[in-house]
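To keep things clear, I will list the structure first and then write my remarks on it.
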Amino acid sequence: MQDVMRADALATLQDGDARIQDLLAGLTPDQMTAPATIGSGDWSAKDLVGHLAFWEELALSALTVWSRGAEPDMVGAVDEVNAANHVRKAKWSLERVVAESREVHERLIREIEALSDREWTAPAPKSFARREGLGARLGGLTGAADGMFRHAFAHLGDLRGYVESLA
């Protein structure tokens, strides 16, 4: 995985979030929670918000563990962890999912901003099984097939399609 500079990572995370927020801004609470409207038809917009926040939660957890000198845990099978998170957050109110999402995103941005470029690019300790540095680890957790830190972009088309279907 190719390293991404810290400033570029921040810009990508903020741009993706801004695009998601722009699309969500036009939805009513009923539209946000309407089931089977996003992507392949399994998620609501609320579910998508919770999903994006979950991967940022994982990035924050990895950052915390890393700062203590320990290797972050492996995430596991993506479909399984996504399904477990979906079940967990399905019980939450829309307000809770949205508030938690904002808090997690803003905290991740602050934590990355607080890192020095040296911390960002330092290689993993030799004792770590995975050799990528901190920036690459965070980029993988918040990434997509088209690049690190681009998770929000992977879901923009589905969300845009839903919003446009309401017009």
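The values are calculated or read from the model by the stated rules, or taken from the named source; none is laboratory data. Source: prediction; values computed, not measured. With ideal geometry, Cβ positions are generated from the backbone for all residues, glycine too; neighbour counts draw on all protein chains shown.
Some observations on this one:
- Checked against (1) surrounded by 12 or more Cβ atoms within 10 Å (Cβ to Cβ); (2) closer than 30 Å to Trp120 by Cα, Ala18 meets all criteria but (1).
- Qualifying positions in segment 113-156 - surrounded by 10 or more Cβ atoms within 10 Å (Cβ to Cβ), assigned to a helix (DSSP H, G or I) and either at pLDDT 95 or above or in contact with a His (Cβ under 6 Å, 6 or more places away or on another chain) (or both): Glu113, His151, Ala152, Phe153, Ala154, His155, Leu156
- Within segment 13-51, if we keep just the residues that are touching a helix residue (DSSP H, G or I) at 6+ places or on another chain (Cβ under 8 Å), of a type in the set (S, T, N, Q) and in a helix (DSSP H, G or I), the residue that is nearest to Ala83 (Cα to Cα) turns out to be Thr33.
- First in segment 84-113 and touching a residue at least 60 places away in the same chain (Cβ under 8 Å), second anywhere and hydroxyl-bearing (Ser, Thr, Tyr), Cβ under 8 Å, 6 or more apart: Leu94/Thr33; Leu108/Thr142
- Scanning segment 35-66 for residues being at pLDDT below 80 and out of contact with any Leu (no Cβ under 9 Å at 6 or more places or on another chain) gives a total of 2.
- Taking each residue of segment 142-162 that is among the aromatic types (Phe, Trp, Tyr) and looking for partners that are part of a strand (DSSP E or B) and surrounded by 15 or more Cβ atoms within 10 Å (Cβ to Cβ) with beta-carbon atoms closer than 7 Å, six or more apart or interchain, yields Phe153/Ala144; Tyr162/Ile38.
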